[in-house]
Amino acid sequence: MLKDGPATARPPITHWPTPALDGVDFDPVLAELMEAGPITRIRMSNGSGWAWLVCRYEDVRMVANDPRFSRKLVVEHDVTRLAPHFIPAPGAVGFEDPPDHTRLRRTVGAAFTTPGVERLRTRAKEMLDGYVDGILRDGPPVDLTERLLAPFPLAVVCELMGVPEEDRPRVHEWTTLILSSAQGAQRSEQAKNDMCAYLGGRMRTGEVAGGDSVIGLLVKAIEAGEVTAEEATGLALLLQIGGEAVTNNVGNMVYILLTRPDLMDRMRSEPALRPSAINELLRYIPHRNAVGLSRIALEDVTVAGQLIRAGEAIYVSYLAANRDPEVFPDPHELDLERSPNPHVSFGYGPHFCPGNMLARLESELMVDALLDRFTDLRFSVPVNELRWRPGALIRGPEGLPVTWS
């Protein structure tokens, strides 16, 4: 990385300790960085050196969609980062640039179109009703995370992927280890290798639950020579992990609704408002800790008046972009009727989350069930006793103990 010259007038480097945050409080360090300007420099607790951080909505979208910034090169750079471990699977689509990135995503595109996701709706509703029926039959108190928010999204994404029911508990365990640093880099690395071996094995043996499943589509793509087996495995790994982010995101939504009964009452009494309300909750919730994956500048690029030199790392903050007052008036307020609401909670550009429609479907179904099938839903412990997942890359409550009348 090039060193600064005496006349570059670059912003100072801010250490971002990324402390564990409970609830849905906005990261105070990120708030300070946003106040400091549209583009700053940060150093986090892991990796080496420093990186640029872009916070303004338009700049975030520009960087995320600009081919002059590469995800592929991140694998070759020890960029400052949140996680102590950095374990991308070989060929993982999240670390590819177009045209390879486009080629890989095309192979599973049919599963994530509106018709593809809608085909899952009836089956997803059946599975959800089964979980809710069991909860109501057993009676309160229950941990909503354990009984609903974790098993339901897992079941849905496994249904889409083609992972049979008997294998889902270990797939969930691997995902939890990959997405957390709490048990160390070695455990995360082993979990990644175990899941890759499992997914690769299913594709090699042709053990596929449905040819239209993601694994089924990848088997066809391998046979057609469109992707290698290694690329298919890396893509399947990313999609399987991404599917479980819904657990934490909806956990944050439920936490807000149970601590803001006025919002819950309004959504219960005005069902037509729910899609807009969920969209606003998606904008508002802190859906991750700090920042995700960086990009590397392929050439000199000017962003928000600052020269980003070739080889330098840059992060975008979707959390900050979602609170940009130029785009979202009163950004720190929850406005269930906010319109327009062009949030970037699912990313932007080539790496826009392929499972966004599936995540919306699952979120809507779970929120509907909690509003319509439970009366007087409330926490069964004091709110200050709730705990959030330690070392998690995606923020979310460890548990949501509730009771009802």
Item to complete: Taking residue 135 as the residue in question, decide whether it is in contact with a helix residue (DSSP H, G or I) (Cβ under 6 Å, 6 or more places away or on another chain) and either modelled with pLDDT of 95 or more or over 30 Å from residue 42 (Cβ atoms) (or both).
Response: yes
Worksheet item: Which pairs do you get when a residue that is on the phi > 0 side of the Ramachandran plot, found in segment 127-155, comes within reach of a residue that is modelled with pLDDT under 95 and surrounded by 17 or more Cβ atoms within 10 Å (Cβ to Cβ), reach meaning Cβ atoms under 9 angstrom, with the pair 6+ apart or on two chains?
Response: none
Worksheet item: In this structure, is residue 73 closer than 28 Å to residue 227 by Cβ and either modelled with pLDDT under 95 or not basic (Lys, Arg) (or both)?
Response: yes
Worksheet, complete the sentence: Of the residues in segment 137-158, those that are open to solvent by 60 Å² or more (accessible area, probe 1.4 Å) and part of a helix (DSSP H, G or I) come to 137, 138, 146, 147
Response to the item:
Apart from one, (1) more than 30 Å from residue 20 (Cβ to Cβ); (2) in contact with a Leu (Cβ under 6 Å, 6 or more places away or on another chain); (3) at pLDDT 90 or above all hold for residue 117; the odd one out is (3)
Worksheet item: Applying the selection to segment 45-57, what residues are assigned to a loop (DSSP other than H, G, I, E, B), out of contact with any strand residue (DSSP E or B) (no Cβ under 6 Å at 6 or more places or on another chain) and either modelled with pLDDT of 95 or more or within 15 Å of residue 304 (Cα to Cα) (or both)?
Response: 49, 55, 56
Fill in: Residue among 360, 309, 323, 295 that is in contact with a His (Cβ under 9 Å, 6 or more places away or on another chain), more than 16 Å from residue 257 (Cα to Cα) and basic (Lys, Arg)
323
Fill in: Unmet requirement for residue 275, which otherwise passes all of (1) in a helix (DSSP H, G or I); (2) open to solvent by less than 70 Å² (accessible area, probe 1.4 Å); (3) at pLDDT 95 or above
(2)
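One line per residue, one yes/no per condition, for (1) exposed (fewer than 14 other Cβ atoms within 10 Å of the Cβ); (2) at pLDDT below 95; (3) farther than 23 Å from residue 43 by Cβ:
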| residue | (1), (2), (3) |
| --- | --- |
| 268 | no, no, yes |
| 281 | no, no, yes |
| 291 | no, yes, no |
| 303 | no, no, no |
| 308 | no, no, no |
| 314 | no, no, no |
| 332 | yes, no, yes |
| 338 | no, no, yes |
Worksheet item: For the subset of segment 58-75 comprising residues that are open to solvent by less than 10 Å² (accessible area, probe 1.4 Å) and part of a helix (DSSP H, G or I), which member is nearest to residue 313 (Cα to Cα)?
Response: 74
Item to complete: Taking the residues in segment 18-36 that are buried (at least 16 other Cβ atoms within 10 Å of the Cβ) and either over 21 Å from the mean Cα position of the chain (by Cα) or among the polar types (S, T, N, Q) (or both) as candidates, determine which candidate is nearest to residue 395 (Cα to Cα).
Response: 18
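Here is a yes/no grid of residues against (1) over 30 Å from residue 382 (Cβ atoms); (2) touching a Ser or Thr at 6+ places or on another chain (Cβ under 7 Å); (3) crowded, with 23+ Cβ neighbours inside 10 Å; (4) of a type outside the set (Ser, Thr, Tyr):
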| position | (1), (2), (3), (4) |
| --- | --- |
| 192 | yes, no, no, yes |
| 204 | yes, no, no, yes |
| 216 | yes, no, no, yes |
| 219 | yes, no, no, yes |
| 223 | yes, no, no, yes |
| 226 | yes, yes, no, yes |
| 242 | yes, no, no, yes |
| 250 | no, yes, yes, yes |
| 260 | no, no, no, yes |
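The values are calculated or read from the model by the stated rules, or taken from the named source; none is laboratory data. Please read all numbers here as calculations on a predicted model, not as lab measurements. Every residue, glycine as well, gets a Cβ built from its backbone with ideal geometry; the counts of neighbours run over all protein chains shown. The protein model used for the area step is the full one, side chains on, heavy atoms only, and it has no ligands, DNA or RNA in it. Shrake-Rupley method; radii C 1.70, N 1.55, O 1.52, S 1.80 Å.
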